[in-house]
Amino acid sequence: MFLYETYLCDPAGLREIFRFLDVDKTFVPDMSERHMESRVPRWFGANQWLRRRGRWESASRRLGSDLRRTLQPVVFRPRAGMRLGPADRALMVELYRADITDLASLVGKDLSRWLETG
């Protein structure tokens, strides 16, 4: 069982997966760039207005991939700026405590970090 958060802390742990896939032993992945990061609109109201009228999709289709990639940081901001508040996190932990405990038992991993509220 492999957890994504394990590789954030120790990318070398990917070697076990690479070994299973018969990847060259000398291969070292470049973990400096993150792909497929969640982003949120900088102007939520404008984004919703454009989407409701179908303008967002038509504009997106007309723009080339290079221009879309260039404009992305202008239109969207990284989701990392949005954090779950402590009270909400505590509520979610309590709501899913039994499921997390059951999952930890099922996969044989220590998931106690998922139960932290602070």
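Nothing in this text is a laboratory measurement; each read-out follows from the coordinates by a stated rule. Since we're looking at a predicted model, the values are computed, not measured. Don't worry about glycine lacking a Cβ; one is built from the backbone with ideal geometry, like all the others, and counts go over all protein chains shown.
Summary table below
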item: Over the chain: helical MRE at 222 nm, DSSP H runs n ≥ 4 each giving -39500 (n - 2.57), nearest 500; result: -15500 deg cm²/dmol
item: Those GluC sites (Glu not before Pro) in segment 34-118 that DSSP places in a loop and that have at most 16 other beta carbons within 10 Å; result: GLU37, GLU116
item: Estimated inter-spin distance, ASN47 and LEU115, nm [label 7 Å along Cα→Cβ]; result: 3.5 nm
item: Once exposed loop trypsin sites (Lys or Arg not before Pro) are cut out (DSSP; at most 10 other Cβ, 10 Å), longest piece of the chain; result: 84-118
item: Cβ-based charge dipole, the chain, positive-most Cα from SER58, CYS9, PRO41; result: SER58
item: Check: the chain dipole with +1 on Lys, Arg Cβ and -1 on Asp, Glu Cβ, in debye; result: 1060 debye
item: Computed lengthening from ALA87 to LEU8, 0.36 nm per intervening residue step minus Cα-Cα distance; result: 25.8 nm
item: Inter-centroid distance (Cα atoms) of segment 30-84 relative to segment 85-101, Å; result: 29 Å
item: Within the chain, longest stretch clear of exposed chymotrypsin sites (Phe, Trp or Tyr not before Pro) (DSSP loop, no more than 16 other Cβ within 10 Å); result: 44-118
item: Tail weight of P(r) past 14 Å, computed on alpha-carbon pairs of segment 39-82, percent; result: 54 percent
item: Computed FRET value (nearest 0.05) for ASP30 with ARG62, which takes r as the C-beta separation and R₀ as 41 Å; result: 0.80
